Amino acid sequence: MEGRVVVVTGGAGGIGAAVCRGLAAGNASVAAVDLDAGGLDSLVRDAKGTGGGSVTAYVTDVTAGGVAEAVLGQVESELGPVGALVNVAGVLRRGPAALCSLEDWSALFAVNATAVFLWSAAAARRMAGRPGASIVTVASNAVGVPRVGMAAYAASKAAAAAFTLGLGLEAAAHGVRCNVVCPGSTDTPMLAAMGPNAAAGAVAGDAAAFRAGIPLGRLAAPQDVADAVVFLLSEQARHITMHSLYVDGGAALRG
Ligand SMILES: NC(=O)c1ccc[n+]([C@@H]2O[C@H](COP(=O)([O-])OP(=O)(O)OC[C@H]3O[C@@H](n4cnc5c(N)ncnc54)[C@H](O)[C@@H]3O)[C@@H](O)[C@H]2O)c1
């Protein structure tokens, strides 16, 4: 990380601040981007003297149009060419999928998905051809496994993850690596905001919430499996290949 300029969105949050501190300890010049001016202030204060690197605060709403370009330009003029981007900014709103309001859905997608697109695309354009160029998006383990009350959040994170991987396929030709980190429950303000029992509940697990067993409530009949086999053999499946079709009433908790 020596001497590299790394932009971290959500830098004032629990995971973002840890990323910033780690990068600064490795002698990077970190541009910490967040809405939370007070959080950024204390991050900058704490990071002083922890190594040869630095943390500079950029108080910014990552969802605002045109802002990614403008802030990346400002970072480049103040700290030097950007070598990496870490998308950590995120919000969580929970509730039953069928009752999710358009307002909640839009708020989740604005930060968790659209901002990842805006910042990653802008960074990839700038970083093309720069040695060691890299983007990491912090998504969630909810991307891979359905969670009760988290459908809209998971959808926003899945969008971010898919965009990051697709960008990675194209940007590889320009030497830009793109990866996704999917954390599980992590001890941060986001988890604390889920209530006093959230941490203990996450550790202990909740069989009902995870729908252990068979969510559709019955064993498969041989005919259920046979129907899927026949479908895959048929002309109706002419464009389906390399696919694993789970016929398990939802038991595997995955698609
Ligand atoms: N904590 C967990 O259990 C957990 C689990 C899986 C994934 N994640 C993901 O990890 C990332 C970091 O989460 P955290 O736990 O550190 O949460 P956090 O709430 O501590 O940090 C999130 C940060 O994002 C910032 N942010 C939110 N909206 C913003 C906006 N519009 N513009 C700029 N900054 C904005 C917040 O101010 C905050 O500092 C998030 O993307 C979250 O979804 C967290």
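The values are calculated or read from the model by the stated rules, or taken from the named source; none is laboratory data. Being a predicted model, the structure only gives us computed values, none of them experimental. In this analysis, Cβ positions are derived from the backbone assuming ideal geometry, glycine residues included, and neighbour counts consider all displayed protein chains. Side chains included, ligands, DNA and RNA excluded: accessible areas come from the protein's heavy atoms. Shrake-Rupley method; radii C 1.70, N 1.55, O 1.52, S 1.80 Å.
The alpha carbon centroids of segment 207-237 and segment 30-93 are separated by 47 Å. Here the spin labels are modelled as points 7 Å beyond Cα on the Cα-Cβ line, and at Gln74 and Thr241 they lie 5.1 nm apart.
Our analysis of segment 75-226 gives Rg over Rh at 1.07, with the two radii drawn from alpha carbon positions and Rh computed by the Kirkwood formula. Projecting the Cα atoms of Leu92, Gly175, Gly201 onto the dipole axis of the chain, where Lys and Arg carry +1 and Asp and Glu carry -1 at the beta carbon, places Gly175 farthest toward the positive end. Rounded to the nearest angstrom and listed largest first, the equivalent-ellipsoid semi-axes of the chain from its Cα gyration tensor are 38, 23, 15.
Residues with beta-carbon under 11 Å from that of Ala142, excluding Ala142: net charge, scoring Lys, Arg +1 and Asp, Glu -1? Residues near Ala142 contribute +3 overall. Among Ile240, Ile135, Ile15, the order of accessible area from largest down is Ile240, Ile15, Ile135, computed with a 1.4 Å probe on protein heavy atoms. Lys157 exposes around 10 Å² of accessible area when a 1.4 Å probe is run over every protein chain in place. Accessible surface computed residue by residue for segment 5-204, with neighbouring protein chains in place and a 1.4 Å probe, gives 45 Å² per residue. The radius of gyration of the Cα set in segment 95-158, together with its Dmax, comes out at 14.6, 47 angstrom.
Per-atom-type breakdown for segment 124-255 gives carbon and sulfur 62% of the accessible area (1.4 Å probe, protein chains only).
Taking the longest Cα principal axis of the chain as reference, the axis of helix 14-25 is set at about 50 degrees. Between 0 and 90 degrees, the angle of helix 222-233 with respect to the longest Cα principal axis of the chain falls at about 60 degrees. Per residue, the chain reaches -12000 deg cm²/dmol at 222 nm when only DSSP H runs of four or more residues are counted, each adding -39500 (n - 2.57).
Considering only Ala204, Ala32, Ala133, the mean-square fluctuation computed in a Gaussian network model of the chain, springs between alpha carbons under 10 angstrom, is largest for Ala204. Accessible area per residue for segment 213-255, computed on protein heavy atoms with a 1.4 Å probe, is 83 Å². Assuming charge only on the beta carbon of Lys and Arg (+1) and of Asp and Glu (-1), the dipole of the chain about its Cα centre is about 320 debye to the nearest 20.
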